[in-house]
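Worksheet: the structure to be examined is printed underneath.
The values are calculated or read from the model by the stated rules, or taken from the named source; none is laboratory data. Here the structure is a predicted model, which is why all the values come from computation and not from measurement. Cβ: placed from backbone, ideal geometry, glycine included. Neighbour counts: every protein chain shown. Side chains included, ligands, DNA and RNA excluded: accessible areas come from the protein's heavy atoms. Shrake-Rupley method; radii C 1.70, N 1.55, O 1.52, S 1.80 Å.
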Amino acid sequence: MADDKYPTDSDRRRFVKGVVGGAALSGVLTVGAAAVSSATDPTEAGGGIMEYRSAVRDLGPAPRGLPQIPIEIDDDGYLQGLWPEPETVTAGGQEVVVSETEIAGTEYTTEWYQYCGVQTFEGIAPDADGQDAYFRYPEALPTSEYPWMEEVEGREQINVEQFADYEQWGNEVGDTGVGKPAVATWRSQDVPPEETVPVIIIRSTQVEEAAQEDEWLAETCPQGFIAYLNKCTHFCCVPGYKRLDEAAEYNAENKIYCNCHQSVYDPFNNEPDTFVSLPRPEGE
Ligand code: FES
């Protein structure tokens, strides 16, 4: 589960710097975001203060919520994470390629995922070659925790039909009928394993209900599906939804639980949050 706890050696310095910087700024952001922004203008490719939508952090040392990935479903029922057409803009006096759009009054940008070393991943560059936006099952499927995944193939695209029983699905952790999950990869075709972007997808009636009250969720969570970048905002472990018995000790048996240091995120309590996104390396 913690196999990608740390980015590759070459990324480590940037990662550590980012964690320290983000932690130092997080306390400031709540009281003075405007004052901070002039000191954190993008200096490389993207980065800076981001408002984003997240799975709210319920418990533990994680500084903030898990970033959401808006979902689109194509005509054949395949799920993809929204990756707006890249465009070049001028920011901080230099040209930067960005992938962003407005949804229901929220400025969505793929810079939401620039933390924990992900900002250096090949596929997370807005105009990365050879990457589409479809979610795919990982090569190694977690069939012991999610037995239903025995029905699918690693690297296969994810389809709505595979979640038809989402209202009845359950496993040995937590309650039945609260949400059917899958782990997935995104923008990670033909990249080194350590550059795989991990995603958690859940289809749930709770998402359908929340979307009735929230225009953002109505636009980004079609047919009751919700997706999050599955990188803990504490020290970058990959958390799990209904994957570990011990989650119950933290009232997290039906939530996203990170067993590295017991952070808990509620995938069905989705709210705006703020953080300082790290810049992508220059020229990428
Ligand atoms: S990495 Fe520390 S709680 Fe997730």
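Descending by average beta-carbon neighbour count within 10 Å, the peptides 134-140, 49-55, 172-178 line up as 49-55, 134-140, 172-178, the highest first.
Below 8 Å, C-alpha to C-alpha, sequence gap of six or more: please give me the relative contact order for the stretch 9-271 in percent.
Values: 505 pairs, mean separation 57.3, N = 263.
Contact order relative to length: 22 percent.
Computed from the alpha carbon atoms alone, the convex hull of the stretch 9-271 holds 135 Å³ per residue. Put simply, the amide H of Arg155, placed in the peptide plane, has neighbours under 5 Å in Tyr137, Glu139, leaving out anything fewer than 5 places away on its chain.
Note on Glu151 and Ala218: their simple-model spin labels are 3.1 nm apart, each label 7 Å out from Cα toward Cβ.
Would you mind counting up the charge near Asp273? Only other residues with Cβ under 15 Å from its Cβ, with Lys and Arg at +1 and Asp and Glu at -1. Intermediate values should be presented prior to the final figure.
Values: positive: Arg53, Arg57, Arg64, Lys231; negative: Glu51, Asp58, Glu107, Glu111, Asp214, Asp266, Glu271.
Once positives and negatives cancel, what remains is -3.
When the Cα positions of Gln262, Gln162, Gln80 are compared along the charge dipole of the stretch 9-271, Gln262 comes out farthest toward the positive end, with charges on each C-beta of Lys, Arg, Asp and Glu. Of the two radii for the stretch 111-258, the radius of gyration is 0.95 times the Kirkwood radius, both from the alpha carbons; that is the Rg over Rh value.
Quick check for you: with a 1.4 Å probe and neighbouring chains kept, what is the accessible area per residue of the stretch 154-224, in Å²? Walk me through the numbers before you get to the answer.
Values: 3240 Å² over 71 residues.
For the stretch 154-224, the solvent-accessible area averages 46 Å² per residue.
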